[in-house]
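Trainee: The structure under discussion is supplied below as structure tokens; questions concerning it will follow.
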Amino acid sequence: MGPRLLLVNPRFVESFWSFRWALREVLRGKRAVNPPLGLATLAALCPPHWQVEIVDENVEPVPLRPRADLIGVCGMGVQFKRQAELLSHYRKLGYRVVAGGSYASLCPELYAPLADSVIAGEAEYIWPEFCRDFERGQPRPLYRETGTVALADSPTPRFDLLKLDRYTTATLQFSRGCPFRCEFCDIIVMFGRRPRYKTLAQVETELDALRAQQVRNVFFVDDNLIGHKSAAKELLRFLRAYQEQHDYWFQFGTEASLNMAQDPELLQLFRGANFTWVFIGIESPDAETLRKTSKTQNLHEDTLTAVRRIYSYGIDILAGFIIGFDNDTPATFDLQFRFIRDSGIQAAMVGLLTALPKTPLHARLRREGRLLAEADHTDNTGVGTNIIPKNMSYRDMVRGYLALYRRLLSDRIIGVRVRNKMRFLKNPVYHGEYSWREQMRIVARLIARGVLKGGTQRLFHFLRSLPWSAPSKFPLAIVDWIAALAMRDYVERRFAAPATRDNALLGRWYASATRAVRRYLEDGRASIELRLLSQTMPRLYVRFAGELDRAFFARCTRRLETVLKRTSATVTLMIDEIERPQLPHLERLLRRLARYGDRVAIRVSDRLRDVVKIDSSIFHLLLDYPPEATPPGR
């Protein structure tokens, strides 16, 4: 038997893309949107005699002491912090660890202290080289792809190693690279401006493999599927023939550029191949802004006209928008609002402009002294960025950004957007992917857990927005409401600044909690600490340090639920001591807190990790005490 390799995809920080409310409340049985295609491809590049396992922390807990000879941890920029935690944890235990992924490709120097080896760049050639060196006992610290990878050499991903039933959509890749020169984008830095493609035979083999796994929803993850239009049209003709042969088994989605709207043949081919949606980087409806950031592919005609033409072919649009370009002013927020409202785009992912390392934007802003050196540049979905805007203050930019989202996600504007889309989206390709019975269950859960919770006003706007005269559009209207309420839930939980009201409520809670468990605190079996920090969300620390009974856990559970439900605070549980008879009480507490898991961190002492099992796909499992989580009294 060959070496045992564990490949880990770290848990993502929650963002708009997580759609956590939708997965938790409406689409039961699903844990995440997309599986880690890169790891499935890496697994296929391993020697045949290697034993490979893939663990995606977004749908299952990571093993803390796996049976493995080698552990590989991938990651995008937004996953870097967790990736670093996992690499450090495994390396500390004596495992050989290797780092890779898009962020390691962009910034390999950050990983040198964390991993025994770093894989920088596309893996088709350098990963087999690393495997050979590893078997000889001579792996190098850095493997960097400096040439051009022919995608004909890319194998069929090991879809069989992914738990595909836990995702809403499977993923597949046809091309890499993009011909455009958007100043802020890192795609051309990593993959170049000359698109490269897999053969149609490769695509057919991958589709057959996904069909064998009973997958029906497939996302082509190409950064721009139409980067080379003639190649894209050839693919779409093939996909249409494949769909006809297999009774239109798949529903597809992809990323493309807005210039697809000027090509009627291309649009008809997308429809014929059963593409139900495309994600488009619209960024801004302002032509001068697009010109200055080199987004020229969006300038062929009025943006709203282009969007409505794509709708006319029955294809839905998800879109990205950016605030913070040099041409943006406080008036930009209203411009973006009006465009998103009038276009009807519901999954409108608005982010603050972020200067990614190695991009032309990063180099220019560094020359101009407009980079915030200590700011996070790995997540463009949060309330902060690493740039200094040119025509407004940083504070005004953030305030305007928050206000924009609140306007877009009001019940009335959600309904208006649905109606505006349905007015132009004729005969949608999307007709729902579930059985009639499951679709009815989804609608019932949406109404009970989303619509009715918003009161009569939300119910009014929901009912008013539905396309009663065009029943074929109902599934898409329902999807839009699910997406909108998921985004609204995220904004309400994650974009709320620490408020005086929150701090006052937490102060009252702290007094109540300490009274309720006073005897446990006095004899050192537990401790509670509340930190009200001005620059971050309030943080609550609870330490279990001795023999605790059912009464303690019951009182603690009720109060922790209240804190998480009614404030923006985060909670850290530190389990230093616990006896086996107390485990059922702890498990009940964790089940009650699971719905708030993105705001609950848990640290278990090393000696208890084989006894206390924490699902790291639900909670943030701390692998060591970071400085901000120092246990009270230590």
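The values are calculated or read from the model by the stated rules, or taken from the named source; none is laboratory data. All figures in this text were calculated on a predicted structure; none of them were measured in a lab. Ideal geometry is used to build each Cβ from the backbone, glycine not excepted, and the neighbour counts take in all protein chains shown.
Trainee: Listed residues Leu86, Leu114; which is at pLDDT 95 or above and assigned to a loop (DSSP other than H, G, I, E, B)?
Mentor: None of the others qualify; the one that does is Leu114.
Trainee: Looking at this structure, is Leu304 closer than 22 Å to Pro179 by Cα and of a type in the set (A, V, I, L, M)?
Mentor: Details: closer than 22 Å to Pro179 by Cα: no; of a type in the set (A, V, I, L, M): yes.
No, not satisfied.
Trainee: Still on this structure, I have one more. From the list Val479, Val451, pick out the single residue that is aliphatic (A, V, I, L, M), within 19 Å of Val33 (Cα to Cα), surrounded by 14 or more Cβ atoms within 10 Å (Cβ to Cβ) and modelled with pLDDT of 90 or more.
Mentor: Val479
For (1) surrounded by fewer than 24 Cβ atoms within 10 Å (Cβ to Cβ); (2) in contact with a Pro (Cβ under 9 Å, 6 or more places away or on another chain); (3) closer than 21 Å to Ile602 by Cα; (4) hydrophobic (A, V, I, L, M, F, W, C), each residue gets a yes or a no:
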{"site": "Gln51", "(1), (2), (3), (4)": "yes, yes, no, no"}
{"site": "Leu64", "(1), (2), (3), (4)": "yes, no, yes, yes"}
{"site": "Gln79", "(1), (2), (3), (4)": "no, yes, yes, no"}
{"site": "Glu85", "(1), (2), (3), (4)": "yes, yes, yes, no"}
{"site": "Val97", "(1), (2), (3), (4)": "no, no, no, yes"}
{"site": "Ser102", "(1), (2), (3), (4)": "yes, no, no, no"}
{"site": "Leu106", "(1), (2), (3), (4)": "yes, yes, no, yes"}
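Trainee: While we're here: Look at segment 569-599 and say how many of its residues are part of a helix (DSSP H, G or I) and either touching a strand residue (DSSP E or B) at 6+ places or on another chain (Cβ under 6 Å) or of a type outside the set (S, T, N, Q) (or both). Walk me through it before giving the result.
Mentor: Step one: filter segment 569-599 for residues part of a helix (DSSP H, G or I), giving 580-599.
Subsequent filtering for residues that are either touching a strand residue (DSSP E or B) at 6+ places or on another chain (Cβ under 6 Å) or of a type outside the set (S, T, N, Q) (or both) retains 580-581, 583-599.
Residues in segment 569-599 being part of a helix (DSSP H, G or I) and either touching a strand residue (DSSP E or B) at 6+ places or on another chain (Cβ under 6 Å) or of a type outside the set (S, T, N, Q) (or both): 19 in total.
Trainee: Right, here's the next one. Hey, which of the strands (runs of 3 or more DSSP E) in segment 189-301, taking only ones fully inside, have at least 3 residues that are of a type in the set (A, V, I, L, M, F, W, C) and surrounded by 15 or more Cβ atoms within 10 Å (Cβ to Cβ)?
Mentor: Ranges flagged: 217-220, 275-283.
Trainee: Now a separate question. Taking into account only those residues within segment 353-386 that are in contact with a Phe, Trp or Tyr (Cβ under 9 Å, 6 or more places away or on another chain) and of a type in the set (A, V, I, L, M, F, W, C), which is nearest to Gly281 (Cα to Cα)?
Mentor: That would be Leu353.
Trainee: On to the next question. Can you pull out every residue in segment 152-171 that is over 21 Å from Pro47 (Cβ atoms) and hydrophobic (A, V, I, L, M, F, W, C)? Can you show your working first?
Mentor: Filtering segment 152-171 for residues over 21 Å from Pro47 (Cβ atoms) gives 163-171.
Within segment 152-171, Leu164, Ala170 meet the criteria.
Trainee: Filter segment 515-568 for residues that are of a type in the set (S, T, N, Q) and either under 27 Å from the mean Cα position of the chain (by Cα) or not in a loop (DSSP other than H, G, I, E, B) (or both) and give the result.
Mentor: Once the filter is applied, which keeps residues that are of a type in the set (S, T, N, Q) and either under 27 Å from the mean Cα position of the chain (by Cα) or not in a loop (DSSP other than H, G, I, E, B) (or both), segment 515-568 yields Ser527, Gln535, Thr536, Thr557, Thr562, Thr567, Ser568.
Trainee: Can you run down the residue pairs with Cβ atoms below 9 Å, 6 or more apart or on separate chains, where the first is in segment 114-137 and without any contact (Cβ under 8 Å) to a residue 60 or more places away in the chain and under 17 Å from Gly101 (Cβ atoms) and the partner is assigned to a helix (DSSP H, G or I) and basic (Lys, Arg)?
Mentor: Once the first residue is without any contact (Cβ under 8 Å) to a residue 60 or more places away in the chain and under 17 Å from Gly101 (Cβ atoms) and sits in segment 114-137, its partners that are assigned to a helix (DSSP H, G or I) and basic (Lys, Arg) give Leu114/Arg91; Ala115/Arg91; Asp116/Arg91.
Trainee: Which ones in segment 406-419 are assigned to a helix (DSSP H, G or I) and surrounded by fewer than 20 Cβ atoms within 10 Å (Cβ to Cβ)? Write out each step before concluding.
Mentor: First, the residues of segment 406-419 that are assigned to a helix (DSSP H, G or I): 406-408, 411-419.
Answer for segment 406-419, where residues must be assigned to a helix (DSSP H, G or I) and surrounded by fewer than 20 Cβ atoms within 10 Å (Cβ to Cβ): Arg406, Arg407, Arg412, Ile413, Val416, Arg419.
Trainee: Does Val429 meet the test of being in contact with a Gly (Cβ under 6 Å, 6 or more places away or on another chain), modelled with pLDDT of 95 or more and of a type in the set (Val, Ile, Thr)?
Mentor: yes
Trainee: Starting from residues that are among the hydroxyl-bearing types (Ser, Thr, Tyr) and assigned to a helix (DSSP H, G or I), keep the ones in segment 424-474 and report whichever is nearest to the chain's Cα centre (by Cα). Let's see the steps before the verdict.
Mentor: Here is the first cut: in segment 424-474, the residues among the hydroxyl-bearing types (Ser, Thr, Tyr) are 430, 434-435, 456, 465, 469, 472.
This time we only want the ones that are assigned to a helix (DSSP H, G or I), so: 456, 465, 472.
Working: Thr456: 32, Ser465: 28, Ser472: 30 Å.
Out of the qualifying residues, it is Ser465.
Trainee: Of the residues that sit in segment 19-38 and are within 11 Å of the chain's Cα centre (by Cα) and over 18 Å from Gly101 (Cβ atoms), which one is surrounded by the most Cβ atoms within 10 Å (Cβ to Cβ)?
Mentor: Result: Phe19.
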